[in-house]
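What follows is a set of notes on a single structure, which appears directly below.
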Amino acid sequence: MIKTISSKLLKKGMFIHELDCSWMKHPFARNQFIITEQSDIKKILDVGIKSLKIDTSKGIGIGTSKTQSAEQQPTKNNPLPHQPSRKKTRKDARKIKDHAELAISNIMADVKLGKQVEMGQVTPVVDKMAESVLENHNTLLGLSRIRNMDTYTFEHSVNIGVLMMSFTKSRGMSQKIIHEVGIGGLLHDIGKTLTPPEILNKAGKLTDDEFIIMRRHVVDSREILLKTPGISQNALDVAALHHEKYDGSGYPDGKKGDEISDIGQMSAIVDVYDALTADRCYHKGQDPSVVLKRMLSWTGSHFNPALMQEFIQCVGIYPPATLVLLSNNYLAVVIETNQQLLLPRVVCFLNTKTNETIKPKVIDLSKQDIITVSSSEAEQKWNIDPQKYLDII
Ligand SMILES: [Fe+2]
């Protein structure tokens, strides 16, 4: 039965039939879903939804829960809903990323065996990714810097999903598109399942013949996805166009300029950005700010210049989890980017002059006039894991 209830009465296990707001404004990837986390309820309250419709045939109704009465209201000692901490949000995001990597590794194993891609394996993962990106894209973006060389292809796939979702979100595109490019990102290199491992994992430069074989993964990705029921054109574009270049020097089709769709042009940017910032078995990933500078010098040839600027707006000059040296000689880790790209929100923890560690302190550089970022710093130079500092704030 469909019932209209106050959003204050929401609880885990209820099935949302309709949110009383336009689909564009709420932070969920779907209009209808079951509430599985307390944080889902918080999101609904946070966007100001006062009432909504639940379907009691698909989930619990009011007063069904043994642990919570329908009349229960938030009190000082028992606030409803529970406010998730930043630490919990990061933990959740890490879980989402792990699930996504597991899903893509399973899908790739299936495709290797000649099976079809099942959208049912991808959609729930992308739903969760979309929720996280829509809430705060910095959280998943920060995690995209964690690298494990053995699982490069899976991590790269998840990162392309996250970056494409963040990029489309920051360009104000619809949730439908955000979702579609997330799927496209996860599956964009699915054709690599057919690339011989000795070429895929070769340390060092490929020979011309090997490169021809390597390039085939794009055509294979497109063919595999064309056979996937329910795949969208935007998802296909991410897979089919991510190695095309703006000046026509890319592959497989050598398309140029507007012959490459908007989504295709965006996927070329995020693919190079992620590949250059990643640690590989044969080289250390470069610092994001260095990569962005290099990529800027290739705009007009490799990338659409306007889109490149928008991408920098999206990830920031100093993306989340970057280690930076501040003008007051403190070392800090970027927590979030700001509108002012050179002045992110950071947590500082080490006085490099005295070599003394301090209690981690959060500073929003855009909200003060004294301290600026002097440089981004290599993690290995300081032997510091930025994630550690993101976890303690
Ligand atoms: Fe690729």
Write down the Å³ per residue value for the convex hull defined by the alpha carbon atoms of segment 265-327.
-> 100 Å³
Overall Cα dimensions of segment 160-277, principal axis frame, Å, largest first = 42, 32, 27
In segment 222-298, the trypsin sites (Lys or Arg not before Pro) that fall in loop regions by DSSP, at most 15 other Cβ within 10 Å = LYS227, LYS256, ARG280, LYS284
Using Cα centres only, tell me the gap between segment 292-312 and segment 365-393 in whole Å.
-> 25 Å
When each of LYS205/LYS284; LYS87/LYS367; LYS202/LYS284 is checked by Cα-Cα distance, pairs over 19 Å | LYS87/LYS367
Placing each pseudo-label 7 Å from Cα in the direction of the beta carbon, THR207 and THR36 end up separated by a distance in nanometres of 4.8 nm
Expressed as a rounded percentage, what relative contact order does segment 323-392 have, with Cα pairs under 8 Å and six or more residues apart?
-> 34 percent
For LYS12, counting only aspartates and glutamates whose alpha-carbon sits under 18 Å away and dropping same-chain residues fewer than eight positions off, the answer is GLU37, ASP40, ASP46, ASP55, GLU71, ASP92, ASP127, GLU131
Length gained, GLN380-LYS367, 0.36 nm per residue minus C-alpha separation, equals 1.7 nm
Taking a ≥ b ≥ c as the square roots of the eigenvalues of the Cα gyration tensor of segment 187-338, is the shape rounded (a/c under 1.5), prolate (a/b larger than b/c) or oblate?
-> prolate
Roughly what % of DSSP beta bridges within the chain run antiparallel, to the nearest 5?
-> 95 percent
Scaled by the rule-of-thumb 2.2 N^0.38 Å, the alpha carbon Rg for segment 320-393 gives a ratio of 0.98
Size of electric dipole in segment 286-393: Cβ of Lys, Arg +1 and of Asp, Glu -1, about Cα centre, debye, nearest 20 = 140 debye
Quick shape check on segment 86-315: root eigenvalues a ≥ b ≥ c of the Cα gyration tensor, a/c under 1.5 is rounded, otherwise prolate if a/b tops b/c, else oblate, and it reads rounded
Out of VAL291, VAL218, THR357 - ranked by how far each Cα lies towards the positive end of the dipole of the chain, with unit charges on the beta-carbon of charged residues - the top one is THR357
On full extension of the chain, what length is gained from THR56 through GLN339, given 0.36 nm per residue of separation minus the C-alpha to C-alpha distance?
-> 97.6 nm
Helix-only [θ]222 nm of the chain, DSSP H runs n ≥ 4, -39500 (n - 2.57) each, per residue, nearest 500 = -13500 deg cm²/dmol
Going through LYS53/LYS88; LYS11/LYS42; LYS115/LYS169; LYS53/LYS95; LYS112/LYS176 one by one, the pairs whose alpha carbons sit over 21 Å apart turn out to be LYS53/LYS88; LYS115/LYS169; LYS53/LYS95; LYS112/LYS176
Where the only charges are on Cβ atoms (+1 Lys, Arg; -1 Asp, Glu), what is the dipole of the chain about its Cα centre, to the nearest 20 debye?
-> 1420 debye
Simple spin-label model, 7 Å along Cα-to-Cβ: GLU356 to GLU198 in nm?
-> 6.0 nm
At q = 0.12, 0.13, 0.14 Å⁻¹, what is the base-10 log of I(q)/I(0) for the chain according to the Debye formula with one equal point scatterer per Cα and no solvent? Please give it to two decimals.
-> -1.00, -1.13, -1.26
Among MET108, MET173, MET165, whose mean-square fluctuation peaks in a Gaussian network model of the chain (Cα, cutoff 10 Å)?
-> MET173
Contour minus Cα-Cα span, LYS112 to LYS91, at 0.36 nm per residue, comes to 4.4 nm
In this structure, the FRET efficiency calculated for ALA275 and LEU45 from their beta-carbon separation, with R0 = 35 Å, to the nearest 0.05, is 0.30
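All of the numbers you see were taken from the coordinates with simple rules; none came from a lab. Here the structure is a predicted model, which is why all the values come from computation and not from measurement. Using ideal geometry, Cβ is built from the backbone for each residue, glycine included, and neighbour counts are taken over all protein chains shown.
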